[in-house]
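Scroll down for the structure; my scribbles are underneath it.
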Amino acid sequence: MPNAIADTLYDKKDLGIHTEMLTTNMMKLAKAGVITGRKKQLQNGKMVCTFIMGSPELYAFAHDNPSDEILAGSYTNDPYVIAQNDNMVSINSTIEIDLTGQCASESLGSTQFSGTGGQADTAIGAQNSKGGRSFICLRSTYKDQKGERHSNVVPWLPEGSIVSMLKNYVMFLVTEWGIADVFLKTYQERIKAMCEQAHNAGKLTIAEFVEDAASMSILFSCGINFVQGNFLQEPEQACLVDSVFFVIVGVCSFLVPVLLNQPLHD
């Protein structure tokens, strides 16, 4: 993802780098004059990172380069340090996100996928930066080994999932269909923002596992187009709707008290 984002930035000017990982495409931006660091409040003119990973050209570029500073993660990833640069932008990816905004970025359920990294650090730092923004990115769906499509936006994270990013630190949710502003929003407002993202891309939304009338009413008011569940009828062997829904938001009946801003009971 860092390299893909870097490829879109060649029309920008005087960008600055304060990152965990310095990549080959960041080097290319620096050589093109896009990255100068002139507007950084902290370590002006320097590209700051914790480690470098990329091509041999990148390693040669970084060797004895006074514009590169490779510093300890305890410093580089410190949210207080990150926040000292104005207009800080944090961009991270996640595997799965639930309707509350919690992100599982390092495990698939209880199966470890990657390390923690500096995701939460940079997001918190960006939020405390003057003019800062934080983005979390993921694909809206995935296909399993049988070729069946499932949503990466789920009612609750699966049991055993590691929460890499708390809901309060997610400002903008990005999928292949667009951007949803979910920062400091209620649960219903978050669902509305996700639905608007799909609708703006010309896609429809379907909510799975709807088990009662209250859930259905709330979901329709939030912009969900279709619902699915035993409350409506017993399951059919085949889908009776011809359309394909690329954005699927699953909602279980136990989510209703949360949507209504009421306490959950045992």
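Here is how the numbers come out for the structure above:
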item	result
Matching entry among Leu71, Leu29 (being farther than 23 Å from Thr116 by Cα and touching a residue at least 12 places away in the same chain (Cβ under 8 Å))	Leu29
Wholly within region 123-211, strands (runs of 3 or more DSSP E) carrying at least 2 residues that are among the β-branched types (Val, Ile, Thr), surrounded by 16 or more Cβ atoms within 10 Å (Cβ to Cβ) and without any contact (Cβ under 8 Å) to a residue 60 or more places away in the chain	205-208
Enumeration of residues in region 104-122 that are surrounded by fewer than 24 Cβ atoms within 10 Å (Cβ to Cβ) and assigned to a loop (DSSP other than H, G, I, E, B)	Glu106, Gly109, Ser110, Phe113, Ser114, Gly115, Thr116, Gly117, Gly118
Matching residues, region 1-60, being under 24 Å from the mean Cα position of the chain (by Cα), of a type outside the set (A, V, I, L, M, F, W, C) and surrounded by 14 or more Cβ atoms within 10 Å (Cβ to Cβ)	Pro2, Gly16, His18, Thr19, Glu20, Thr23, Thr24, Asn25, Thr50, Gly54
Residue pairs meeting the criteria (Cβ under 6 Å; at least 6 apart or on separate chains; first over 22 Å from Tyr187 (Cα atoms), in region 85-106; second among the aromatic types (Phe, Trp, Tyr))	Ile91/Phe135; Glu106/Phe113
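We did not get these values from a lab; they are worked out from the coordinates using the rules stated. Small disclaimer: the values here were computed from a predicted structure and weren't measured. Cβ: placed from backbone, ideal geometry, glycine included. Neighbour counts: every protein chain shown.
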